[in-house]
Amino acid sequence: MAADIETRTDIEVLLRRFYGRALVDDLLAVPFNEVREQGLESHLPVMCDFWETVLFGAGLYRGSALRVHERVRDRHPLGTEHFERWLSLWHETVDAMYAGPRADRAKAQGAGIAAAMNRRLLGLPSAAAEAVRAGAAQLPVMRAR
Ligand code: HEM
């Protein structure tokens, strides 16, 4: 039985594996170009802050993930298929490494945030997406600066 996510190091190991796949994914490699160019090492501390905040309420991430992804979308066309691929890779990676309430929370939060980004960045009309958005908007990470 796999262990649950307990520490920042657990998050970092998870993220390294996730980006190891996402950066070379046939669909995600292009929109993730900036991360490849800047280097994963400069991106990882921000991502660890983000997930420590989402999973442990650490309050370390004070940026606006939505604003950052508006810029990603402006540089590369993003569609629902990108968010679906992001989410399936995220779920697969979490499931391959961890099990327990925090792993479940990582998957649920990833799904909620991906749906909210998809809805807000692409302006999709959907009552279900709107409900998810309303929930995710309460998270500090989704609040506009
Ligand atoms: C289609 C899916 C996605 C793509 C292509 C994508 C791509 C990117 C890229 C290129 C950056 C770096 C931007 C820059 O520094 O200029 C970034 C940053 C980031 N991404 Fe994503 N992303 C996706 C989905 C997500 C999701 C679903 C989450 C959260 C669950 C997320 C969380 C973050 C965070 C926290 C940052 C750092 C924000 C900051 O610097 O303040 N991303 N993403």
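Computed values, structure above
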read-out: Rounded, prolate or oblate (a/c below 1.5 giving rounded, otherwise prolate when a/b exceeds b/c) for segment 62-102 by Cα gyration tensor; value: oblate
read-out: Quotient of Cα Rg and 2.2 N^0.38 Å for the chain, N being how many residues it contains; value: 0.99
read-out: Relative contact order (%) - the chain, alpha-carbon pairs under 8 angstrom, separation at least six; value: 32
read-out: Calculated P(r) tail over 11 Å for segment 1-42, as whole % of Cα pairs; value: 68
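FYI, it's all coordinate maths here, none of it is from the lab. Quick caveat: nothing in here was measured; it's all calculated off a predicted structure.
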